[in-house]
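*Asks:* Take this structure first; my questions come after.
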Amino acid sequence: MRTAFKIACAALALGFTPALAQLTPIEQVGKNLLFDSRLSTPPGQSCAACHSPETGFTGPDVAINAGPAVYAGAIHTRFGNRKPPTVAYGGDSPVLYYDDAEGLWIGGMFWDGRATGWTLGDPLAEQAMGPFLNPLEQNNPQMRLVVSRVAKSGYAALFEQAWGPGSLDFKKDAYGSYERIARSIAAYERSSEVNPYTSKYDYYLKGEATLTEQEARGLVLFEGKAMCSACHISQPGPTGNPPLFTDFTYDNVGMPKNPMNPFYSAPPSVNPDGANWVDPGLGGFLMQAGYPSDVYLAEWGKQKVPTLRNVDRRPYPGFVKAFGHNGFFKSLEEIVRFYNTRDVPGAGWPPPEVTMNVNTDELGNLGLRAEEEADLVAFMKTLTDGYTP
């Protein structure tokens, strides 16, 4: 509570206002759902407990970010195994598919791509269906319970206004109602309130802001020597749409294990491998989905490339954010140095959690000087929304 209060006060001091745009009825329903703490068992954990706007829709607890980085569920002795990804700027991720020409899996949601979009045609909506029923997250035993709580909420009338009469009838159509809940959340996560494109870099691309000399050097490095833009696309699309700073692919960057991850000490019923557990990422999902070993082993250890938009968004300057799928790194400076020097002899980094499929082509020994690392960080800080030109 103290952390949440501190964040709220700091956000007000920085001029943050949750309502950034006029929402459609469906988007407003989605926003209400995202912030509704009654939709867990026991009640008390909303989606926003792990995806807060003040931190770019990632984890809002500074103590957790500085330590394990993995958040507890509604039952506070249960934990997932990865840090919360952002839910912003992900709405264009396509239905998961394999691109034969590129030799890459593209699309889906979650770090491991398991919200494929194969069922609903929308990975973002499928992602929204997951946490409510996950015993390690919001822990509801069945979708009907979630729908019944929404039907008793103060925004039930708005829900039926948006989706039509009977759209919350959990007795006749629990699954259909649950799907509409997920699609509402996805609509909000696609809204201009969540994806405002108001960073300094956006205004720079429109000719309404000027980068500092350091930020401009960082951009040159980002698109050149540091090779960041190979995965984090930084230029507008062919129709002029703003860059999303992700290509929706998967990669194993050689991330070390996070020894503070509470999943290692989870009971055998949850984590039978204990301290020996290794995160297989996309490869693990593909194995569970029934793909042959030659397919899933080629993706073992790969995690989804995240957007870098709002990568430095924080409610106050000393607020700690966690970086990487397991939150091993605690600052932009640290993870940039890792990308630069991972494979440099004597650099002192721990070994990769997964040694298979480590990307050695685009990171590991980039040859950046300390000043160039700082330039890169300065540029990435221009990706924070809320800039006033």
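*Asks:* Could you give the dipole magnitude of the stretch 124-255 about its Cα centre, charging the beta-carbon of Lys and Arg +1 and that of Asp and Glu -1, in debye to the nearest 20? List each step's numbers first, then the result.
*Replies:* Working: 12 positive and 15 negative charges, 95 e Å.
Dipole size: approximately 460 debye.
*Asks:* Would you mind classifying the stretch 305-349 by shape? Square roots of the alpha carbon gyration tensor eigenvalues, ordered a ≥ b ≥ c; an a/c under 1.5 is rounded, otherwise it is prolate if a/b is larger than b/c and oblate if not. Working shown, then result.
*Replies:* On the way: a/c = 2.52, a/b = 1.86, b/c = 1.35.
Since a/c reaches 1.5 and a/b is larger than b/c, the shape of the stretch 305-349 is classed as prolate.
*Asks:* Moving on to the next point. Out of [x] 70; [y] 64; [z] 57, which label holds the value of percent of Cα pairs over 25 Å apart that was computed here?
*Replies:* [z]
*Asks:* Give me the extension gain from residue 356 to residue 92: residue separation times 0.36 nm, minus the current Cα-Cα distance, reported in nm with one decimal. Working shown, then result.
*Replies:* Values: separation 264, 0.36 × 264 = 95.04 nm, distance 2.89 nm.
That works out to 92.2 nm of additional length.
*Asks:* Another question, if that's okay. For the stretch 55-64, what does the Karplus curve 6.51 cos²θ - 1.76 cosθ + 1.60, with θ = phi - 60°, yield as ³J(HN,Hα) per residue in whole Hz, taken in order and with x for Gly and Pro?
*Replies:* 10, x, 6, 10, x, x, 9, 5, 5, 5
*Asks:* Report the far tail of the P(r) of the stretch 46-204, meaning the percent of Cα-Cα pairs longer than 20 Å. Before the final figure, lay out each step's value.
*Replies:* Numbers: 7191 of 12561 pairs.
Tail of the P(r) past 20 Å holds 57 percent of the pairs.
*Asks:* A follow-up question, please. Helix 370-380 against the longest principal axis of the chain: what's the angle in degrees, Cα atoms only, rounded to the nearest 10?
*Replies:* Rounded to the nearest ten degrees, it is 30.
*Asks:* Quick check: with the 1.4 Å probe, what order do 114, 342 take by accessible area, largest first?
*Replies:* The ordering from most to least exposed comes out as 114, 342.
*Asks:* Let me ask something else. Tell me the angle of helix 2-13 to the major Cα principal axis of the chain, expressed in degrees between 0 and 90 and rounded to the nearest ten.
*Replies:* 70 degrees
*Asks:* Also: Quick one: helix 332-341 against the long Cα principal axis of the chain, what's the angle to the nearest 10°, folded into 0 to 90?
*Replies:* Rounded to the nearest ten degrees, it is 50.
*Asks:* For residue 225 and residue 144, compute 0.36 nm times the residue count separating them, minus their Cα-Cα distance, and round to one decimal in nm.
*Replies:* Numbers: separation 81, 0.36 × 81 = 29.16 nm, distance 5.25 nm.
That pair, residue 225 and residue 144, stretches by 23.9 nm at full extension.
*Asks:* Protein chains only, probe 1.4 Å: how do 339, 98, 250, 203 rank by accessible area, largest first? Please report the intermediate quantities before stating the final value.
*Replies:* Details: 339 75, 98 95, 250 10, 203 35 Å².
Sorted by accessible area, descending: 98, 339, 203, 250.
*Asks:* Taking amide H positions as placed in the peptide plane 1.01 Å from N, state which residues far from residue 302 in sequence (5 or more) or on other chains have amide H under 5 Å from it.
*Replies:* 282, 283
*Asks:* Suppose all protein chains stay in the model; what accessible area per residue would a 1.4 Å probe give for the chain, in Å²? Each step should come with its number before you reach the end.
*Replies:* Values: 17110 Å² over 389 residues.
Per residue, the chain has 44 Å² of solvent-accessible surface.
*Asks:* Starting from the amide H of residue 329, placed 1.01 Å from N in the peptide plane, find each other amide H under 5 Å away whose residue is 5 or more places distant or on another chain.
*Replies:* 323
*Asks:* Can you compute the helix-only [θ] at 222 nm over the chain? Use -39500 (n - 2.57) per DSSP H run of at least 4 residues, normalise by all residues, nearest 500 deg cm²/dmol.
*Replies:* Numbers: 13 runs with 119 residues, N = 389.
The per-residue figure over the chain is -8500 deg cm²/dmol.
*Asks:* Report, by chain and number, residues whose modeled amide H sits under 5 Å from the one on residue 353, excluding near sequence neighbours (fewer than 5 apart, same chain).
*Replies:* 255, 257
*Asks:* Hey, another quick one. Find the centroid of the Cα atoms in the stretch 197-225 and in the stretch 92-130, then give the distance between the two in whole Å.
*Replies:* Here the two parts' Cα centres lie 30 Å apart.
*Asks:* Quick check: at a probe of 1.4 Å, how many percent of the accessible area of the chain sits on carbon and sulfur atoms?
*Replies:* Numbers: 9690 of 17110 Å².
About 57 percent, which is the carbon plus sulfur part of the accessible surface.
*Asks:* How much length, in nm to one decimal, is gained on full extension between residue 334 and residue 235, taken as 0.36 nm per residue of separation minus their Cα-Cα distance?
*Replies:* 33.1 nm is the gain from fully extending residue 334 to residue 235.
*Asks:* What ³J(HN,Hα) values, in whole Hz, does the Karplus curve 6.51 cos²θ - 1.76 cosθ + 1.60 give for the stretch 271-288 when θ = phi - 60°, with x put for Gly and Pro?
*Replies:* 3J(HN,Hα) across the stretch 271-288, in whole Hz: 10, x, 8, x, 5, 8, 4, 10, 7, x, x, 4, x, x, 5, 5, 5, 5.
*Asks:* Within the stretch 45-143, report the GluC sites (Glu not before Pro) that DSSP leaves as loop and that have at most 11 other Cβ atoms within 10 Å. All intermediate terms of the calculation are to be shown ahead of the outcome.
*Replies:* On the way: sites: 54, 102, 126, 137; in loops: 102, 137.
Hits after loop and neighbour filter: 102.
*Asks:* Residue by residue, what Karplus-based ³J(HN,Hα) values in Hz, rounded to whole numbers, does the stretch 156-172 have, using 6.51, -1.76 and 1.60 with θ = phi - 60° and x for Gly and Pro?
*Replies:* 4, 5, 5, 4, 6, 5, 6, 10, x, x, x, 6, 10, 7, 6, 7, 8
*Asks:* Considering only the other residues whose Cβ falls under 14 Å of the Cβ of residue 147, what net charge follows from Lys and Arg at +1 and Asp and Glu at -1? Display every interim value, and only then the final one.
*Replies:* On the way: positive: 38, 144, 149, 152, 171, 172, 180, 183; negative: 36, 160, 169, 173, 179.
Neighbourhood net charge equals +3.
The values are calculated or read from the model by the stated rules, or taken from the named source; none is laboratory data. Everything numeric here is computed off the predicted structure, so don't read it as measured data. Positions of Cβ are backbone-derived with ideal geometry, glycine not excepted, and every protein chain shown enters the neighbour counts. In case anyone asks, the SASA skips ligands and DNA or RNA and just uses the protein heavy atoms, side chains included. Shrake-Rupley method; radii C 1.70, N 1.55, O 1.52, S 1.80 Å.
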